[in-house]
Structure formats: structure tokens, C-alpha cells
Amino acid sequence: MNKENLLKELKEEILNKEFTLLDLDNTVERVTGSTTSVFDFDLNRDIMYNNKEGSCSYYIEYNDETDMDEEINVEFTVIKENEDEKEILVKVTNVSWL
């Protein structure tokens, strides 16, 4: 799948939709084949809980004419906090290549 189609498909799946962080992570992995996870990184609780916004990036390997690897960034707003970070409810606000 080429870069533009991958981004388009991911946007169709997640943009402007609500997910738990675990469901978001699983959906991004299914669509992109990414081997990284939002839970691999510090979720930067100051940003998430003070501004109710956050983001995560996913490492993507794809094969096209450049044969390069990149990262997709997923930005979200926290809808409902939870002590279990897997159950934090978010709404995806933007999806873009880094």
C-alpha cells in the first residue's frame, strides 16, 4: 500500500471517532501494520490531563518507490480519564505523517 492510501485508510477508520487508548492502538496496528504502540512511550500526563490533549506516533514500514520508513502521528483529545491508561477515552482530532 502506498503512503497516501495508507494515510487515507487510517483517517477513514479513526479520524473524529472516540476510542479507548487500547482500541485506538489496536486499530492503528491493524490498519498500518505498525509494530510500535502508544504504550511504548510516556503518555506525558501533564499534557493529557492539564490540556486534555495528547498524541502518539507509530512507526510504519511501507514499500513504495522510495522504500522508506516513516511515522504516523495521531493526535487526540481526552474525553474521559481513567486510572487504567488503556481505558482512557479519547477522540482522534488529526492524523498525519511526521
**Request:** Assuming R0 = 22 Å, can you tell me the calculated FRET efficiency for the pair Glu9 and Glu53, based on Cβ-Cβ distance, to the nearest 0.05?
**Result:** 0.35
**Item:** Full-extension gain in nm, Lys80 to Leu98, via 0.36 nm per residue minus C-alpha separation
**Value:** 3.8 nm
**Neighbour net charge for Val31 - beta-carbon separation under 13 angstrom, K R +1, D E -1** = -2
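Readers should treat all values here as calculations from the given coordinates under stated rules, not as data from a laboratory. Since this is a predicted model, take the numbers as computed values, not measurements. Neighbour counts run over all protein chains shown; Cβ positions are idealised from the backbone, glycine included.
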